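None of the figures in this text is laboratory data; all of them are computed from the coordinates on show. Source: prediction; values computed, not measured. Neighbour counts run over all protein chains shown; Cβ positions are idealised from the backbone, glycine included.
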């Protein structure tokens with residue numbers, strides 16, 4: 001079975017590639033989860049984030065934005081001492097801010113999915129890359145998404161993070177054309 005090269009031989013990465021990466025998401029909780037995880041990935045590898053994913057899920061109330069939006073200093077300190085997650089104060093406080101902003105967007109648009117999918121015209125952009133070296137780090141869509149999210153007060157939402165989010169959430173299909181998942185998603 002042929003797949004994209006980036007998971008390598010790592011079972012965790014292969015499982016994520018084969019079951020989640022690039023699958024179009026419209027579930028707000030799952031979209032928030034990817035927003036959180038992609039922000040924590042900044043400057044790190046996706047493998048590190050995946051290894052700590054269960055820890056993030058437990059530490060951040062199953063990625064419930066309503067609960068996270070109410071976190072205070074006590075919660076921030078609890079998270080900073082939790083070895084099961086990436087302990088970075090800026091990323092933790094950004095997650096709390098992003099939960100608050102996420103709820104504002106959801107109220108304005110009816111769902112976060114309706115808002116976020118507007119950047120790709122409410123459909124998946126299908127690329128035709130033959131190798132992973134062709135994959136871009138950003139796009140005009142991720143630039144616009146980043147700009148709008150920042151305007152709304154979101155943190156850790158640069159264009160590169162937004163593009164990684166778009167890949168994870170299936171807003172772009174960046175599986176290489178020879179990958180078995182390319183046609184499936």
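Please find the FRET efficiency linking residue 135 to residue 180, where r is the Cβ-Cβ separation and R0 is fixed at 25 Å, and quote it to the nearest 0.05. Calculated value: 0.90. Compared with the alpha-carbon gap, the fully stretched path from residue 93 to residue 11 is longer by 26.4 nm at 0.36 nm per residue. If R0 is 22 Å, the Cβ-Cβ spacing of residue 83 and residue 62 corresponds to a FRET efficiency of close to 0.70. Computed from Cα positions, the angle between helix 159-168 and the longest principal axis of the chain comes to roughly 70 degrees.
Once you keep just the Cα pairs under 8 angstrom separated by 6 or more residues, what percentage relative contact order results for the chain?
Relative contact order, the chain: 32 percent.
Helix 140-151 versus the longest principal axis of the chain: what is the Cα-based angle in degrees, 0 to 90, to the nearest 10? Result, in degrees: 0. Cut-off 10 angstrom, C-alpha nodes, Gaussian network model of the chain. Which of 109, 63, 32 fluctuates the most? Of the options given, 109 has the highest mean-square fluctuation. Once the Cα atoms are used to define both axes, helix 28-41 deviates from the longest principal axis of the chain by about 90 degrees. In this label model, residue 111 and residue 74 are separated by 3.5 nm, measuring between points 7 Å along each Cα→Cβ vector. Ordered by the number of other Cβ atoms lying within 10 Å of each residue's own Cβ, fewest first, 26, 175, 122 fall into the sequence 122, 26, 175.
How large is the helix-only mean residue ellipticity at 222 nm for the chain, computed as the sum of -39500 (n - 2.57) over DSSP H runs with n ≥ 4, divided by its residue count, in deg cm²/dmol to the nearest 500?
-15500 deg cm²/dmol
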